[in-house]
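Note sheet for the following structure.
The values are calculated or read from the model by the stated rules, or taken from the named source; none is laboratory data. Treat the numbers as computed from the prediction; the structure is a model and nothing was measured. Using ideal geometry, Cβ is built from the backbone for each residue, glycine included, and neighbour counts are taken over all protein chains shown.
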Amino acid sequence: MATQIAADDDECPFCQIANSQSDTEILMSDEELLCFRDVKPGAGHHYLVITRSHIGNCKALREQHIPTVERMAEMGRCVLEKNKVRDLTDIRLGFHVPPFSSVAHLHLHALALASKMNESSQRRYGPGSHWFITVDQVLAQLRTRGRIK
């Protein structure tokens, strides 16, 4: 799939990474997605999975994006496993909900070990966070409503 970037997305840092206009180390990639380390990690393992094509954020997702979200989660789990995270029940996979997204380009956070995250990270990525929606929550909303509320 070719990267589809609108003219006003030239300044998007994640589009720049997707277009190899950055020295960011890519840990895993395919024709649709790529993964790299978060520059401000919230856990011992904190990776971002982004789409090569520009999608603004999780609120822009629609029912047709379900396979993309599922592949993003699969890549997030895979990079955690490749980095020796053995307990995949102690991870967090999800998205920040606008206006709490630091970059306006869809990106999945893959974090481990969730049980070892500090208080600040728990507020940003933990189960009680109002800023963070898990992959399971996103998929459930897309399947029932066709969009993220």
Scanning region 76-107 for residues that are in contact (Cβ under 8 Å) with a residue 24 or more places away in the chain and part of a helix (DSSP H, G or I), which turns out surrounded by the most Cβ atoms within 10 Å (Cβ to Cβ)?
GLY76
Inside region 136-149, the number of residues satisfying the requirement of being surrounded by 18 or more Cβ atoms within 10 Å (Cβ to Cβ) and either of a type in the set (S, T, N, Q) or more than 24 Å from HIS54 (Cβ to Cβ) (or both) is 0
Answer yes or no: is there a residue in region 109-117 that is part of a helix (DSSP H, G or I), touching a Leu at 6+ places or on another chain (Cβ under 7 Å) and more than 28 Å from ARG145 (Cα to Cα).
no
Flagged pairs (Cβ under 6 angstrom, 6 or more apart or on separate chains; first in region 54-75, touching a residue at least 12 places away in the same chain (Cβ under 8 Å) and of a type in the set (Gly, Ala, Ser); second surrounded by 14 or more Cβ atoms within 10 Å (Cβ to Cβ) and part of a helix (DSSP H, G or I)) are ALA73/VAL135
Residue pairs qualifying under the 9 Å Cβ cut-off, at least six apart or on distinct chains, with the first in region 127-142 being under 18 Å from GLU74 (Cβ atoms) and the second being basic (Lys, Arg), are THR134/ARG92; LEU142/ARG62
Would you check if there is a residue in region 18-36 being closer than 25 Å to SER129 by Cβ and of a type in the set (Val, Ile, Thr)?
no
Could you look through region 108-135, keep only residues that are over 23 Å from ASN83 (Cα atoms) and surrounded by fewer than 17 Cβ atoms within 10 Å (Cβ to Cβ), and pick out the one that is nearest to the chain's Cα centre (by Cα)?
TRP131
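Looking at region 30-37, is at least one residue loosely packed, with under 14 Cβ neighbours inside 10 Å, in a loop (DSSP other than H, G, I, E, B) and either within 13 Å of the chain's Cα centre (by Cα) or at pLDDT 95 or above (or both)?
Of region 30-37, the ones loosely packed, with under 14 Cβ neighbours inside 10 Å are 30-31.
Now narrow it down to the ones that are in a loop (DSSP other than H, G, I, E, B): 30-31.
Now drop any that are not either within 13 Å of the chain's Cα centre (by Cα) or at pLDDT 95 or above (or both), which leaves 30-31.
Checking region 30-37: at least one residue is loosely packed, with under 14 Cβ neighbours inside 10 Å, in a loop (DSSP other than H, G, I, E, B) and either within 13 Å of the chain's Cα centre (by Cα) or at pLDDT 95 or above (or both).
Pick from region 39-75 the residues that are basic (Lys, Arg) and part of a helix (DSSP H, G or I): which of them is nearest to SER101 (Cα to Cα)? Explain how you work it out, then say what you get.
So in region 39-75, the residues basic (Lys, Arg) come out as 40, 52, 59, 62, 71.
Okay, now just the ones that are also part of a helix (DSSP H, G or I), so 59, 71.
Numbers: LYS59: 11, ARG71: 20 Å.
Checked region 39-75; the qualifying residue nearest to SER101 (Cα to Cα) is LYS59.
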